[in-house]
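The values are calculated or read from the model by the stated rules, or taken from the named source; none is laboratory data. The structure displayed is predicted, hence computed values, not measured ones. Backbone-built Cβ (ideal geometry, glycine too); neighbour counts: all protein chains shown.
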Amino acid sequence: MPRRLLVVEDEEHLSEALKLNFEAEGFEVVVTADGQQAIEAFHQAREENRPFDLVVLDLMLPKKSGYEVCQEIRTADREAPVLILSARSMVEDRVQAFDVGADQFLQKPFSLAELLARVRNLLARGEHRRAKRPIERGDPIVEFGPVYVNFRNHEIKVRGVLQKLSPLHLKLLHYFVVNEDVVLTRDEILDKVWGNSSDASTSRVVDNAVLTLRKMIEDDSSRPRYVQSIRGAGYKFVSDPPPDVEPNDAGEP
């Protein structure tokens, strides 16, 4: 069966062009022109057991904004890939989009080749996640890449070698693991991992802790694959990145 895409775009000429090009690639496409229609179409597809494989979403929409649509989609389904297409160019817009659960953000105007590449990448990632056993919140033992972690026993092995990891860094790793594929801001990480600790005076402590964690679990801490930087937003943990995805730049998010 062809992959199903939901395109949410109120500019008619653009939505028609997207539909034609996606259909030429073999996708089944449903187009909606406002946020309310998008939410209704998304829920109806799930009720009919024909969920969308990916949502392409504008931000500036009638009735409900793209932010509201994305947030509702993410509440109903944590896995459905959401690709934002927007003319908005401020860092704050990208941060807000990631905060409500978007997976990628592509600024208008964009090249068709890049859009199709991102769609294929997100769909491949979704297949990869469905193929593996999901990490559940209650899992005491987690394995990814060269890493074995037993959170119950506070034990971590990398390539079979037992490592020393402080309780704080273990807590940080656990927070990443149970929020896999979710973009986490540094303030959110501070609140959940450090809490009211006096050691957490600035968000810089998060960057330092992530750097320490990367040096232990990544093949190359300067080009991380598991704890990824999301520029302008924060960090995201991916337990099983597809092999064709380039390692992430470890620069400041």
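Could you count how many residues in segment 143-172 are β-branched (Val, Ile, Thr) and closer than 22 Å to residue 192 by Cβ?
So the answer is 3.
Only one of (1) at pLDDT below 90; (2) assigned to a helix (DSSP H, G or I) is not met by residue 2, so which one is it?
Against the list (1) at pLDDT below 90; (2) assigned to a helix (DSSP H, G or I), residue 2 comes up short only on (2).
Applying the selection to segment 144-177, what residues are under 28 Å from residue 81 (Cβ atoms), assigned to a helix (DSSP H, G or I) and without any contact (Cβ under 8 Å) to a residue 40 or more places away in the chain?
174, 175 - these are the residues of segment 144-177 that are under 28 Å from residue 81 (Cβ atoms), assigned to a helix (DSSP H, G or I) and without any contact (Cβ under 8 Å) to a residue 40 or more places away in the chain.
Looking at residue 98 and the list (1) modelled with pLDDT of 90 or more; (2) among the hydrophobic types (A, V, I, L, M, F, W, C); (3) under 30 Å from residue 145 (Cβ atoms); (4) surrounded by 13 or more Cβ atoms within 10 Å (Cβ to Cβ), which single condition is not satisfied?
So residue 98 meets the others, but not (1).
Those residues that are in contact with a Leu (Cβ under 8 Å, 6 or more places away or on another chain) and outside any strand (DSSP E or B), I need them from segment 88-111; list them, please.
88, 93, 97, 102, 103, 108, 110
Go through segment 196-237 and give me each residue that's under 18 Å from residue 105 (Cα atoms), in a loop (DSSP other than H, G, I, E, B) and modelled with pLDDT of 85 or more.
Passing the criteria: 231, 233.
Would you confirm whether or not segment 33-53 contains a residue that is among the charged types (D, E, K, R), touching a Ser or Thr at 6+ places or on another chain (Cβ under 7 Å) and modelled with pLDDT of 90 or more?
Here is the first cut: in segment 33-53, the residues among the charged types (D, E, K, R) are 34, 40, 46-48, 50, 53.
Filter once more, keeping what is touching a Ser or Thr at 6+ places or on another chain (Cβ under 7 Å): none.
For segment 33-53, residues among the charged types (D, E, K, R), touching a Ser or Thr at 6+ places or on another chain (Cβ under 7 Å) and modelled with pLDDT of 90 or more: absent.
Looking at segment 25-73, which of the residues that are assigned to a helix (DSSP H, G or I) and among the small types (Gly, Ala, Ser) is nearest to residue 89 (Cα to Cα)?
By that ranking, first place goes to 66.
Considering only residues that are among the small types (Gly, Ala, Ser) and surrounded by 15 or more Cβ atoms within 10 Å (Cβ to Cβ), which ones fall in segment 1-42?
Applying the first criterion (among the small types (Gly, Ala, Ser)) to segment 1-42 yields 15, 17, 24, 26, 33, 35, 38, 41.
15, 33, 35, 38, 41, listed by residue number.
Quick check on residue 180: is it within 14 Å of residue 237 (Cβ to Cβ) and either at pLDDT 85 or above or assigned to a strand (DSSP E or B) (or both)?
So residue 180 fits the description; yes.
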